[in-house]
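The values are calculated or read from the model by the stated rules, or taken from the named source; none is laboratory data. Keep in mind that this is a model prediction, so the values were computed, not measured. Here the Cβ is made from the backbone with ideal geometry for all residues, glycine too, and neighbour counts use every protein chain on show.
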Amino acid sequence: MMPSGANLDETIQRVAILYADVSGSTRLYEKFGDQVARSDIHLCLKILSDVAARWDGSVLKTIGDEGMCQFANPVKAAMAATEMQQDLADASAAGKFQTGTLRIKIGWHYGPVAFRHSDLVGEAPVTAQQIIKLAKAGEILTSGQTVAALSPELRASCDLVEHIDSEAGLGRVDVHRMQWEESEDVTT
């Protein structure tokens, strides 16, 4: 028997859901005005979309200054996340943005999702959304469940930073920071 509210067209699968959010966008609008801020955020989201496509991902939707991406493969999602940070840093250094340096924060999770008509629901989007709320500018955060699905080399670039209670019914979620740039002090 089908649970109440379930749809026959519902499909459940495991995917990586990645949220990338432009940090400090409100300040951009206040300081540079709507047209300039909107133009820079549009360019930023285009860069992120291009990176997702290079790693076999896609942007499901954008909401203001945030993009929601999906990847079938968690390793490709991890590579896309690091490349998004790097490409945005490179674009900022090259003076591509009228507002100066733009930075993003990324939160992502690999887990089950259900596609209901055109909506995406389930553990992965809920957990990814919860994780991005913890991220700071320039950070990539993900779950311990996601880290376990990565290659040994990528797992080595992840450090446990926090434990949170899951809003998706997973119990405790271990939150890990993925290193994406070389640091002079790797112990920090």
Restricting attention to segment 70-77, does a residue exist that is over 30 Å from GLN35 (Cβ atoms), among the aromatic types (Phe, Trp, Tyr) and touching a Gly at 6+ places or on another chain (Cβ under 9 Å)? yes
Tally the residues that are in contact with a strand residue (DSSP E or B) (Cβ under 6 Å, 6 or more places away or on another chain) and at pLDDT below 80, restricting the search to segment 149-188. 0
Any residue at all in segment 13-23 that's at pLDDT below 95, buried (at least 17 other Cβ atoms within 10 Å of the Cβ) and assigned to a helix (DSSP H, G or I)? no
Residue by residue through segment 121-157, note down the ones that are of a type in the set (S, T, N, Q), buried (at least 20 other Cβ atoms within 10 Å of the Cβ) and within 11 Å of ARG177 (Cα to Cα). THR142, SER143
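Which is within 20 Å of ALA168 (Cβ to Cβ) and at pLDDT 90 or above, of LEU43, LEU102, LEU48, LEU60?
LEU60
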Does segment 47-102 hold any residues that are surrounded by fewer than 16 Cβ atoms within 10 Å (Cβ to Cβ) and of a type in the set (Asp, Glu), and which are they? ASP50, ASP56, ASP90
Failed item, numbered, when THR99 is tested on (1) in a helix (DSSP H, G or I); (2) touching a residue at least 60 places away in the same chain (Cβ under 8 Å); (3) hydroxyl-bearing (Ser, Thr, Tyr); (4) over 27 Å from VAL147 (Cβ atoms): (1)
From (1) at pLDDT below 95; (2) in a helix (DSSP H, G or I); (3) more than 20 Å from PHE97 (Cβ to Cβ), pick out the condition that doesn't hold for ALA78. (1)
Looking only at helices (runs of 4 or more DSSP H) that lie completely in segment 110-188, which have at least 1 residues being over 14 Å from ALA16 (Cβ atoms) and within 12 Å of the chain's Cα centre (by Cα)? 123-132
